[in-house]
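Accompanying notes for the structure given below.
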Amino acid sequence: METNHINQSPIDLESLISGLKTEDARNLKLMLNIQSMMWGIAAVYVFISALKFIMTTSWYDKLGGFLTLVAFVAFALLFRSYYKEYKTIDYGIPTIEMLKKAAIRYELFQWRGLYVLAPLLLEGIGLNLMMFDDFTNLEPLNRILFFQISYFFVMVIAFLVGYIIWKKRQKPLRDYALALLKEFQS
Amino acid sequence: MKEQKEEQFKKIIAENGDRIARICRYYNPDKEDQKDMYQEILVNIWNSLDKFRGESAISTWIYRIAVNTSLSFTGKAFRHMKMQINTEQQNLTMLLDDDDLEAKLKQEADLEKLQTQLNQLSVIDKALISLVLEGLSMREIADVIGLTEPNVKVKIHRIKEDLKRNMSKYNQNS
């Protein structure tokens, strides 16, 4: 009975299941690989930081390395949580709920986006401290300003690239979800 | 675990395959598009299966996935989706419960007129009507969409009234 129904399916169900299982396995492997890579790099970085910490006499280097490491781990954890959320969109929830979630997911400014500011700030301070001794031709205040202005400029460029991608790919989806919500609730 | 998921998936498709195929037909007149949408619904069922906790009836869950997929069906111009109905559709009378119109609906020409009217509905109204055509109660439609039951009743009543009015106008003019 079951086989008959499956055979009547407009698509080859066995091939589809096989493809889905392959895709699941691929996603799982990809996620594990990314995580392994992240934690592997973190381990190497801890090792190098530890060596530097012992060998260097500069407290700027020591503190800078530590802050950069904390920023790196925070980034890794944040990206992991984002990846999990984007990967698991549940279509089995009521339509209104799905649309609301989509509208929030594709919002440009989100409260949880503020979490990214903490590791960005730590990284900025950490890298600045680590490079502090590299620009000895500049006054200490100018060294900080030079680095922070460059860092800010790079962040602005990164934000603009992100904004363009959002506007092209995610904004239309958000607008569509909001339009449907409005129509449902009118 | 994987085998268990596969078995559960096959069982769901065996029991609900016809239902899914009908939903696909409502939205796409083209066979290939129906097939694509059918496949996309199946992919979404597979991906959402781990999260199904049995809090709603399996049929409600399937309809949710079907409607949600149809609303976000990739590669299609949503607003241009055409609602496809055919003479085998037993629940058409649910849309137009007027005796005269019901009789006329048996004629192919009137069916085409109704189809024209249905195709002019918004994508939201099409989603609601597709669930009415499936014979779902107002309570079940409310569960699928996530609106309150009175809200669903009002919306469907409004759509039916519009359809009836438009059909009457159409008949008067022709």
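Residues in segment B:123-146 that are free of Cβ contacts under 8 Å to residues at least 24 places away in the same chain and either touching a Lys or Arg at 6+ places or on another chain (Cβ under 7 Å) or within 12 Å of chain A (Cβ to nearest Cβ) (or both): B:Ile124, B:Met138, B:Ile141, B:Ala142, B:Gly146. Residues in segment B:147-161 that are in contact with a helix residue (DSSP H, G or I) (Cβ under 9 Å, 6 or more places away or on another chain), without any contact (Cβ under 8 Å) to a residue 12 or more places away in the chain and away from chain A (no Cβ under 11 Å): B:Glu149, B:Pro150. Please verify whether segment A:110-123 includes one or more residues that are exposed (fewer than 15 other Cβ atoms within 10 Å of the Cβ), touching a helix residue (DSSP H, G or I) at 6+ places or on another chain (Cβ under 9 Å) and within 14 Å of another protein chain (Cβ to nearest Cβ). Within segment A:110-123, not a single residue is exposed (fewer than 15 other Cβ atoms within 10 Å of the Cβ), touching a helix residue (DSSP H, G or I) at 6+ places or on another chain (Cβ under 9 Å) and within 14 Å of another protein chain (Cβ to nearest Cβ). Can you spot a residue in segment A:91-106 that is within 24 Å of the chain's Cα centre (by Cα), under 30 Å from A:Val70 (Cα atoms) and not in a helix (DSSP H, G or I)? Taking every residue of segment A:91-106 in turn, at least one turns out to be within 24 Å of the chain's Cα centre (by Cα), under 30 Å from A:Val70 (Cα atoms) and not in a helix (DSSP H, G or I). Annotation note: Cβ proximity below 7 Å between a residue of segment A:130-143 that is within 18 Å of A:Phe53 (Cβ to Cβ) and a residue that is of a type in the set (D, E, K, R) and in a helix (DSSP H, G or I) (sequence gap 6+ or interchain) occurs for A:Met130/A:Asp61; A:Phe132/A:Arg143.
Kindly provide the set of residues from segment B:39-67 that are assigned to a helix (DSSP H, G or I), facing chain A (nearest Cβ under 7 Å) and over 13 Å from the mean Cα position of the chain (by Cα), ordered by number. Once the filter is applied, which keeps residues that are assigned to a helix (DSSP H, G or I), facing chain A (nearest Cβ under 7 Å) and over 13 Å from the mean Cα position of the chain (by Cα), segment B:39-67 yields B:Gln39, B:Leu42, B:Val43, B:Asn44, B:Trp46, B:Ser48, B:Lys51, B:Trp61.
Readers should treat all values here as calculations from the given coordinates under stated rules, not as data from a laboratory. Fair warning: this is a prediction, and the values are worked out from it, not measured in the lab. FYI the Cβ positions are ideal-geometry reconstructions off the backbone, even for glycines, and counts take in every protein chain you see.
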